[in-house]
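Asks: Okay, here's the structure, questions in a sec.
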Amino acid sequence: MHRRYDTRHIFMAIGACIAFLSPVFLIIIPLVVVNTLYDKRDIWITYVPGANYAAFGVGVFFLILACALLWLFDVRKWTVSAGILCLILCGFTFYVASLSYVTLSDEEISYRKLFSKEKQIYDWRELDELLYYEKFEEDKELSHYEFHFKDGQVLTIKQNSFVAGIQGSISSKVRGLGIPLEYVED
């Protein structure tokens, strides 16, 4: 017996699979993309800002929406057009999310914020002060660093396991250059 599936049910299955696997994708994909594009040999860490995860989530939403439109309203001209528009928005969102990053190396601090056109590259000597906000275990927030640069820019990095691994390198670099490092209990 040969089963014949309606086209709309195929889009339903594709959308359901994407929705089901999206939590795994949203954890892995931003990390892989940023590490692939910006990691170099002498870099201590390539950090993925939290905004990247949110932007990739929006992109996955557009992908699921494209499938849902084709499933719920059947394959018609306007649903195909709306689905293509959702795919274009998904691709644009993924592209924008791939541009945001933070790298720390022995020579420099480099970053680009989400929706920013230019990279910010600072030598460690351009750092005015470094604040470390320490959170207690009962707090739901993570501890974080605030890099204050001489031109007034501020970069915030939350302390995940990768950042904790280079905490000694950051402290020794800052202290070696005589830059104030202040610990703030928050």
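The values are calculated or read from the model by the stated rules, or taken from the named source; none is laboratory data. Here the structure is a predicted model, which is why all the values come from computation and not from measurement. Here Cβ is always computed from backbone atoms with ideal geometry, including for glycine, and neighbour counts include all displayed protein chains. With ligands, DNA and RNA removed, areas are computed over all heavy atoms of the protein, side chains included. Shrake-Rupley method; radii C 1.70, N 1.55, O 1.52, S 1.80 Å.
Asks: Condition first: modelled with pLDDT under 85 and closer than 24 Å to Tyr53 by Cβ. Now tell me which residues in the range 128-159 satisfy that.
Replies: Answer for the range 128-159, where residues must be modelled with pLDDT under 85 and closer than 24 Å to Tyr53 by Cβ: Lys135, Glu137, Asp139, Lys140, Glu141, Leu142.
Asks: Then there's this: Can you tell me which residues in the range 69-95 are surrounded by 18 or more Cβ atoms within 10 Å (Cβ to Cβ) and either part of a loop (DSSP other than H, G, I, E, B) or not assigned by the TED database to the domain that holds Pro49 (or both)?
Replies: Of everything in the range 69-95, nothing turns out to be surrounded by 18 or more Cβ atoms within 10 Å (Cβ to Cβ) and either part of a loop (DSSP other than H, G, I, E, B) or not assigned by the TED database to the domain that holds Pro49 (or both).
Asks: How about the range 130-159: which of its residues are touching a residue at least 60 places away in the same chain (Cβ under 8 Å) and surrounded by fewer than 17 Cβ atoms within 10 Å (Cβ to Cβ)?
Replies: We begin by selecting, within the range 130-159, every residue touching a residue at least 60 places away in the same chain (Cβ under 8 Å); these are 157-158.
Once the filter is applied, which keeps residues that are touching a residue at least 60 places away in the same chain (Cβ under 8 Å) and surrounded by fewer than 17 Cβ atoms within 10 Å (Cβ to Cβ), the range 130-159 yields only Lys158.
Asks: Checking the structure you have, find out if any residue of the range 65-75 is in contact with a Leu (Cβ under 8 Å, 6 or more places away or on another chain) and of a type outside the set (D, E, K, R).
Replies: yes
Asks: Could you check how many residues of the range 165-186 are open to solvent by 40 Å² or more (accessible area, probe 1.4 Å) and not in a helix (DSSP H, G or I)?
Replies: 7
Asks: Between a first residue in the range 172-183 that is farther than 12 Å from Asp128 by Cβ and a second residue that is at pLDDT below 90 and open to solvent by 70 Å² or more (accessible area, probe 1.4 Å), which pairs have beta carbons less than 9 Å apart while being 6 or more apart in sequence or on different chains?
Replies: Here the result reads Tyr183/Glu134, each pair linking the range 172-183 to a residue that is at pLDDT below 90 and open to solvent by 70 Å² or more (accessible area, probe 1.4 Å).
Asks: Can you pull out the residues in the range 103-120 that are in a loop (DSSP other than H, G, I, E, B), open to solvent by less than 80 Å² (accessible area, probe 1.4 Å) and either closer than 16 Å to Lys173 by Cβ or not small (Gly, Ala, Ser) (or both)? Write out each step before concluding.
Replies: In the first step, residues of the range 103-120 are kept if they are in a loop (DSSP other than H, G, I, E, B); the result is 106-107, 113-119.
Checking which are open to solvent by less than 80 Å² (accessible area, probe 1.4 Å) leaves us with 106, 114, 116.
Across the range 103-120, the qualifying residues are Asp106, Leu114.
Asks: Further question on the same structure: Of all residues in the range 121-164, count the ones that are assigned to a loop (DSSP other than H, G, I, E, B), of a type outside the set (Lys, Arg) and touching a helix residue (DSSP H, G or I) at 6+ places or on another chain (Cβ under 6 Å).
Replies: Matching residues across the range 121-164 total 0.
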